[in-house]
Amino acid sequence: MRLALVSIFARGHLLLEGVPGVGKTTLAHALARVIDCGFQRIQFTSDMLPSDILGVSILFGSGTEIRIQARAGFRQCAVGDEINRSTPKTQSALLEAMSERPSDGG
């Protein structure tokens, strides 16, 4: 628990490994609620696409307006389950999302 808080205060990432049923997701969800941030659980599968993590850009109207539909990877607290089951491209998309830092200006 203490190391999980340290990773939050350091603005880093936390890797929890263990057998099913020991409370990894519960811990992440509780921490997200304590610091009042968004939480999402991502179940990785072999057919998952990078856009499932990063989202997609959508053109509207005459192509002058672009809206980004964000996905789970852009949550402040995301739990990835069975990451090893996904393709290398999807794992790379997860690392890309993890490397992005939200702006502090709001």
Sole residue being of a type in the set (D, E, K, R), touching a residue at least 12 places away in the same chain (Cβ under 8 Å) and open to solvent by 80 Å² or more (accessible area, probe 1.4 Å), chosen from Arg41, Arg33: Arg41
Selected residue [under 12 Å from the mean Cα position of the chain (by Cα) and either at pLDDT 85 or above or part of a helix (DSSP H, G or I) (or both)] from Ile8, Ile53: Ile53
Residues located in region 78-93, provided they are farther than 20 Å from Ala4 by Cα and surrounded by 15 or more Cβ atoms within 10 Å (Cβ to Cβ): Ser86, Thr87, Thr90, Gln91, Ala93
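The values are calculated or read from the model by the stated rules, or taken from the named source; none is laboratory data. Note that the structure is a prediction, hence the values are computed from the model and not measured. Positions of Cβ are backbone-derived with ideal geometry, glycine not excepted, and every protein chain shown enters the neighbour counts. The protein model used for the area step is the full one, side chains on, heavy atoms only, and it has no ligands, DNA or RNA in it. Shrake-Rupley method; radii C 1.70, N 1.55, O 1.52, S 1.80 Å.
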